[in-house]
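Read the structure below first, then the notes.
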Amino acid sequence: IQFQRPDPDETLRVLFDGGDDVGDVFGRRQNERCPVERIETRDFRLGRTLHRAAEVPLSIVEAAADVALLAAHTADHCRGDVRADATAGAFLAHGAARAAAHLVEVNLATMAGDERVTRAHGLVRAAGAAADEAARKAEL
(Lines give C-alpha, C1' and ligand atoms only; values in the text may rest on other atoms or scores of the structure.)
Protein backbone atom coordinates (compact mmCIF):
# COMPACT_ATOMS: atom_id res chain seq x y z
CA ILE A 1 0.00 0.00 0.00
CA GLN A 2 1.42 3.34 -1.07
CA PHE A 3 0.75 6.37 1.13
CA GLN A 4 -0.14 9.45 -0.86
CA ARG A 5 0.60 12.71 0.90
CA PRO A 6 -2.50 14.92 0.91
CA ASP A 7 -2.39 18.30 -0.80
CA PRO A 8 -1.90 20.85 2.04
CA ASP A 9 -4.03 23.49 0.29
CA GLU A 10 -6.90 21.03 -0.09
CA THR A 11 -6.59 19.92 3.55
CA LEU A 12 -6.68 23.51 4.81
CA ARG A 13 -9.52 24.39 2.45
CA VAL A 14 -11.60 21.58 3.97
CA LEU A 15 -10.64 22.62 7.50
CA PHE A 16 -11.66 26.20 6.83
CA ASP A 17 -15.10 25.12 5.69
CA GLY A 18 -14.57 25.63 1.98
CA GLY A 19 -13.87 29.34 2.35
CA ASP A 20 -10.97 31.15 0.80
CA ASP A 21 -8.47 29.23 -1.23
CA VAL A 22 -5.57 29.04 1.20
CA GLY A 23 -3.11 29.46 -1.65
CA ASP A 24 -4.79 32.78 -2.44
CA VAL A 25 -4.59 33.83 1.19
CA PHE A 26 -0.82 33.57 1.06
CA GLY A 27 -0.67 35.37 -2.28
CA ARG A 28 0.52 32.53 -4.47
CA ARG A 29 -2.23 32.97 -7.04
CA GLN A 30 -3.02 36.66 -6.73
CA ASN A 31 -2.99 39.07 -9.61
CA GLU A 32 0.56 40.39 -9.81
CA ARG A 33 -0.42 43.61 -11.66
CA CYS A 34 -1.37 45.42 -8.44
CA PRO A 35 1.04 44.39 -5.64
CA VAL A 36 -0.28 46.93 -3.09
CA GLU A 37 -3.82 45.64 -3.44
CA ARG A 38 -2.53 42.08 -3.40
CA ILE A 39 -0.77 42.62 -0.05
CA GLU A 40 -3.78 44.35 1.50
CA THR A 41 -6.14 41.70 0.18
CA ARG A 42 -3.85 38.93 1.36
CA ASP A 43 -3.59 40.45 4.85
CA PHE A 44 -7.36 40.86 5.08
CA ARG A 45 -8.02 37.32 3.89
CA LEU A 46 -5.35 35.89 6.17
CA GLY A 47 -6.83 37.74 9.15
CA ARG A 48 -10.31 36.48 8.27
CA THR A 49 -9.03 32.93 7.85
CA LEU A 50 -7.22 32.99 11.21
CA HIS A 51 -10.30 34.53 12.83
CA ARG A 52 -12.38 31.58 11.60
CA ALA A 53 -9.60 29.14 12.54
CA ALA A 54 -9.96 30.19 16.19
CA GLU A 55 -13.61 29.11 16.31
CA VAL A 56 -12.94 25.35 16.30
CA PRO A 57 -10.32 25.33 19.05
CA LEU A 58 -12.50 27.64 21.15
CA SER A 59 -15.36 25.16 20.88
CA ILE A 60 -12.92 22.44 21.98
CA VAL A 61 -11.93 24.54 25.01
CA GLU A 62 -15.60 24.96 25.90
CA ALA A 63 -16.35 21.25 25.56
CA ALA A 64 -13.22 20.22 27.48
CA ALA A 65 -14.06 22.59 30.34
CA ASP A 66 -17.54 21.06 30.49
CA VAL A 67 -16.03 17.58 30.62
CA ALA A 68 -13.66 18.59 33.41
CA LEU A 69 -16.56 20.00 35.45
CA LEU A 70 -18.62 16.87 34.83
CA ALA A 71 -15.69 14.66 35.81
CA ALA A 72 -15.23 16.60 39.05
CA HIS A 73 -18.91 16.25 39.82
CA THR A 74 -18.69 12.53 39.05
CA ALA A 75 -15.65 12.15 41.34
CA ASP A 76 -17.72 13.69 44.12
CA HIS A 77 -20.67 11.32 43.64
CA CYS A 78 -19.26 8.04 42.35
CA ARG A 79 -18.11 4.85 44.06
CA GLY A 80 -14.57 4.93 45.35
CA ASP A 81 -13.36 2.27 42.93
CA VAL A 82 -14.05 4.51 39.90
CA ARG A 83 -13.12 7.86 41.46
CA ALA A 84 -9.58 7.65 40.05
CA ASP A 85 -11.03 7.22 36.56
CA ALA A 86 -13.18 10.33 36.96
CA THR A 87 -10.14 12.23 38.21
CA ALA A 88 -8.05 11.07 35.25
CA GLY A 89 -10.84 12.25 32.95
CA ALA A 90 -10.75 15.68 34.57
CA PHE A 91 -6.97 15.87 34.12
CA LEU A 92 -7.25 14.87 30.46
CA ALA A 93 -10.01 17.39 29.85
CA HIS A 94 -7.93 20.13 31.46
CA GLY A 95 -5.00 19.23 29.21
CA ALA A 96 -7.23 19.31 26.13
CA ALA A 97 -8.59 22.70 27.17
CA ARG A 98 -5.05 24.07 27.61
CA ALA A 99 -3.91 22.76 24.23
CA ALA A 100 -6.94 24.16 22.41
CA ALA A 101 -6.65 27.52 24.22
CA HIS A 102 -3.08 27.74 22.98
CA LEU A 103 -4.35 27.38 19.41
CA VAL A 104 -6.97 30.08 19.99
CA GLU A 105 -4.24 32.39 21.26
CA VAL A 106 -1.90 31.63 18.35
CA ASN A 107 -4.63 32.09 15.74
CA LEU A 108 -5.69 35.41 17.24
CA ALA A 109 -2.22 36.73 18.11
CA THR A 110 -2.56 39.65 15.72
CA MET A 111 -5.84 40.77 17.31
CA ALA A 112 -4.82 42.27 20.65
CA GLY A 113 -7.42 42.02 23.39
CA ASP A 114 -9.69 39.59 21.57
CA GLU A 115 -12.37 38.42 24.00
CA ARG A 116 -12.11 34.83 22.75
CA VAL A 117 -8.55 34.58 24.10
CA THR A 118 -9.74 35.86 27.47
CA ARG A 119 -12.68 33.44 27.40
CA ALA A 120 -10.41 30.51 26.50
CA HIS A 121 -8.05 31.30 29.39
CA GLY A 122 -10.96 31.60 31.82
CA LEU A 123 -12.29 28.22 30.72
CA VAL A 124 -8.84 26.67 31.15
CA ARG A 125 -8.70 28.03 34.71
CA ALA A 126 -12.15 26.56 35.40
CA ALA A 127 -11.10 23.20 33.95
CA GLY A 128 -7.94 23.24 36.08
CA ALA A 129 -9.89 24.05 39.21
CA ALA A 130 -12.30 21.21 38.42
CA ALA A 131 -9.41 18.79 37.91
CA ASP A 132 -7.87 19.89 41.22
CA GLU A 133 -11.22 19.38 42.95
CA ALA A 134 -11.53 15.90 41.44
CA ALA A 135 -8.02 15.09 42.69
CA ARG A 136 -8.94 16.19 46.20
CA LYS A 137 -12.00 13.90 46.08
CA ALA A 138 -9.82 11.02 44.93
CA GLU A 139 -7.53 11.46 47.94
CA LEU A 140 -10.37 11.00 50.45
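The values are calculated or read from the model by the stated rules, or taken from the named source; none is laboratory data. Just so we're clear, the structure is a prediction, and the values are computed from it rather than from any experiment. Reconstructed Cβ throughout: ideal geometry from the backbone, glycine too, with neighbour counts over all protein chains shown. Surface areas here come from the heavy atoms of the whole protein model, side chains and all, with no ligands, DNA or RNA. Shrake-Rupley method; radii C 1.70, N 1.55, O 1.52, S 1.80 Å.
If packing is taken as the mean number of other Cβ atoms within 10 Å per residue, what is the order of 76-89, 51-64, 95-108, highest first? Display every interim value, and only then the final one.
Working: 76-89: 14.3, 51-64: 18.1, 95-108: 19.7.
By packing density, highest mean first, the sequence is 95-108, 51-64, 76-89.
Report the calculated FRET efficiency for Arg125 and Arg38 (r = Cβ-Cβ distance, R0 = 35 Å), to the nearest 0.05.
On the way: r = 42 Å, r/R0 = 1.20.
That pair, Arg125 with Arg38, gives E of 0.25.
For the stretch 91-99, take each phi angle, set θ = phi - 60°, evaluate the Karplus expression 6.51 cos²θ - 1.76 cosθ + 1.60, and give the result in whole Hz per residue in order, putting x for glycine and proline.
Values per residue, Gly and Pro as x: 5, 5, 5, 4, x, 5, 5, 4, 5 Hz.
Just to verify a number: FRET efficiency for Val82 and Thr118, C-beta to C-beta distance, R0 = 35 Å, to 0.05?
Efficiency for this residue pair is about 0.50.
Quick one: accessible area per residue over the stretch 45-125, 1.4 Å probe, rounded to a whole number of Å²? Spell out each step's value before the answer.
Details: 4520 Å² over 81 residues.
Computed with neighbouring chains in place, this is 56 Å² per residue.
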